[in-house]
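First comes the structure, then the notes that go with it.
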Amino acid sequence: MTIAGTQAEPPAWRLLLGYVRPHRWALFAGALLALTTGGTGLLLPLVARGLIDDLSHDRPIGRALIGMAALVVTNTAVGALGSYVLRRTAESVVLGARRALSSYLLRLRIPAVDRSEPGDLMARITSDTTLLREVTTDSLVGIGTGGLTLVATVVMMGLVDVVLLGVTLGVILCAGTVLGLIVPRINRASKRAQDAVGVMGAALERILGALRTIKASGAEHREEQTIHAAAEESWRQSVRAAKWSAAAGNTAGLAMQIAFITVLAVGGARVATGAIGVGTLVAFLLYVFYLMSPIQQVVGAVTQYQTGAAALARIQEALRLPAEPASLPTPLPTPGSAPASLAFDDVRFRYADDLQYVHHGVTFAVPARGMTAFVGPSGAGKTTVFSLIERFYDPESGVITVDGRPLEDWNLSQLRSAIGYVEQDAPVLSGSLRDNLLLGNPEADEAEVTRVVRTTRLDGLVARLPRGLDTLVGHRGTKLSGGERQRVAIGRALLRRPRLLLLDEATSQLDAVNEAALRDTVADVARTTTVLVVAHRLSTVTMADRIVVMDAGRVRAVGTHRELVAGDPLYAELAATQFLATAG
Ligand SMILES: Nc1ncnc2c1ncn2[C@@H]1O[C@H](COP(=O)(O)OP(=O)(O)OP(=O)(O)O)[C@@H](O)[C@H]1O
């Protein structure tokens, strides 16, 4: 299992009812139709008894035959309609669960995502929710209609002959005890099987996300073994669940056969002694025969419920992960909106309680407008500054303010709508170039897109591509070069008309020509927007209005390039080695 679950869970049936509640009337209608089918079926033995009595007394049987035919036709038609309504309702329950879960996953807090495996979360939305279908139709309806039909059949049997009913119930009780031992095993095996599907999903996601690296590292065989091991574990556990389900089903079947034979023997003796007539025995045997279906239904419902309960537990685990509050889409800043100011005051932060601090009291202030560069050795905590501004994580202590307001006082989507963020690895999503550019601002008009394509120097690429902006870029933008991906990511951020632009500079993605062009673009943007850059190039730092030098989670100096080269040995060393090396 990849999601830690420690809290006490509400019982699975209560969770299930939560998903079913919106569809309760449809479910009720379906169950009613199923019950009607059972009910009309229950009348058949009585009609049969009448038929036998008519035959033995040489009375005409036409009416009884017509009655039987009408019952059979009604039974079939109502049964078909009932199963359609139930199946449709079950699909709606699955849809509801998928919607709820996918909306929730999009709101997950980043620390929760850090702790989870995306592939496992995916399996919970796709595979586990599918299992709710069977649990809705087979379990809920099965227990409801099967249970009621069972009770009605037993009542009818009691009306026909109490002694034979006692014999039948005795056999059923023995079988029920055996079933009570089997059922929990089905639950355990099903949960393990679904967990293994989650592990398989996680392994697949890992592999498909880095197939080139795996091929280049010659690691196909080892990765194949990991996936096969998870698939085999799922198989093993599913087979175990199937074994116990088969045992449960056959126990019920065996009980019915024993009941049939016992009733035949005891009933035969009662006919011989004249306690009951042949018609009564035939009617009772027909009821025993009819008992088979609701009993199978209830046993099937209980075993199916175990699989569903396991899936529900996994869905619930995902829904317990910490999430951000749901919010409505917030309009983006209008062109020319005031740039934002920003300040960190004694911020202490670590990624998890069991990890080292990454920020040990970070303090700096950035006025509205202009460009601020963050420099420092790898791992100094520069990217973490951006993650905290976006509120992907919250600091343990200290205050971060935007426009003088602490971040917690901001509506989260309002805060993010003011920010454009270009991550270091410049992620590009599958879809078209246009989809990627418009991701942060689907309302941007064609003129704005064209302008941004030009400023990010993507116009040459767009002109070359046969379908221009509508060209598909492949999974994670694999059809683009690293530099192109970075320019797409910058274009996407600019289209958001940010009041605060966060740019995590990639170390070596851009060639000299594109770098110079983008430098001019960023300088342009900095005239009207507050720009923060994690800088890895000399060209970036020399153009910055101020530079924040970070080292091991602390701000060690703030100043211009000239001031820092003269006043800060670490910066002077970085400038002499790292920057000059990459700028050269
Ligand atoms: N999601 C995370 N979970 C746990 N630790 C993390 C996470 N992200 C970063 N870290 C750790 O936090 C520290 C600071 O990382 P950060 O990315 O802020 O450094 P950086 O200064 O931007 O480095 P670079 O210049 O190499 O990009 C590193 O030691 C890193 O291992």
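Could you point to the residue in Gly50, Leu412, Phe349 farthest towards the positive end of the chain's charge dipole, with +1 and -1 charges on the Cβ of Lys/Arg and Asp/Glu respectively?
Farthest along the dipole direction, towards plus: Gly50.
Along the positive direction of the dipole of the chain (beta-carbon charges: Lys, Arg +1; Asp, Glu -1; about the Cα centre), which of Gly277, Ala444, Pro184 reaches farthest?
Final value for the positive-end residue is Gly277.
Just how large is the dipole of the stretch 337-463 about the Cα centre, in debye to the nearest 20, putting +1 at every Lys and Arg Cβ and -1 at every Asp and Glu Cβ? Don't skip to the end; give the middle numbers.
Numbers: 11 positive and 18 negative charges, 88 e Å.
Roughly 420 debye, rounded to the nearest 20.
In debye, nearest 20, what is the charge dipole magnitude of the chain about its Cα centre with +1 on Lys and Arg Cβ and -1 on Asp and Glu Cβ, if you could check?
On the way: 57 positive and 52 negative charges, 185 e Å.
Roughly 880 debye for the chain.
Using θ = phi - 60° and the Karplus form 6.51 cos²θ - 1.76 cosθ + 1.60, what ³J(HN,Hα) does each residue of the stretch 449-454 get, whole Hz, x for Gly and Pro?
Karplus-based 3J(HN,Hα) across the stretch 449-454 equals 4, 4, 5, 5, 4, 6 Hz.
Below 8 Å, C-alpha to C-alpha, sequence gap of six or more: please give me the relative contact order for the chain in percent. Please list the in-between numbers first.
On the way: 870 pairs, mean separation 87.2, N = 584.
Once divided by the residue count of the chain, the mean separation gives 15 percent.
Which value, in Å to one decimal place, does the Kirkwood hydrodynamic radius take for the stretch 12-319 when every pair of different Cα atoms is included? Don't skip to the answer; put the middle values down first.
Numbers: mean 1/r = 0.0448 Å⁻¹.
With all distinct Cα pairs of the stretch 12-319 included, I get 22.3 Å.
How would Tyr571, Tyr84, Tyr19 line up from fewest to most surrounding beta-carbon atoms within 10 angstrom?
Working: Tyr571 24, Tyr84 12, Tyr19 21.
Taking fewest neighbouring Cβ atoms as first place, the list is Tyr84, Tyr19, Tyr571.
Along the positive direction of the dipole of the stretch 142-220 (beta-carbon charges: Lys, Arg +1; Asp, Glu -1; about the Cα centre), which of Gly144, Met157, Ala196 reaches farthest?
Ala196
Which angle from 0 to 90°, rounded to the nearest 10, does the C-alpha axis of helix 278-319 make with the longest principal axis of the chain?
The answer is roughly 10 degrees.
Which value, in nm² and rounded to one decimal, describes the direction-averaged projected area of the C-alpha convex hull of the chain?
Working: hull surface 141.0 nm².
Projected area, direction-averaged: 35.2 nm².
For Tyr351, list long-range residues whose amide hydrogen, built 1.01 Å from N in the peptide plane, is under 5 Å from its own amide hydrogen.
Counting only residues 5 or more places away or on other chains, the set is Val358.
Separation of the stretch 372-420 and the stretch 40-89 by C-alpha centroid, Å?
73 Å
Find how many whole Å separate the alpha carbon centroid of the stretch 480-556 from the alpha carbon centroid of the stretch 208-273.
Rounded to whole Å, the Cα centres lie 57 Å apart.
Every read-out reported here was derived from the displayed coordinates using simple, explicitly stated rules and does not represent laboratory data. Predicted model, so just to flag it, every value in this text is computed and none were measured. Please note: Cβ atoms are built from the backbone with ideal geometry, for glycine as well, and neighbour counts cover all protein chains shown.
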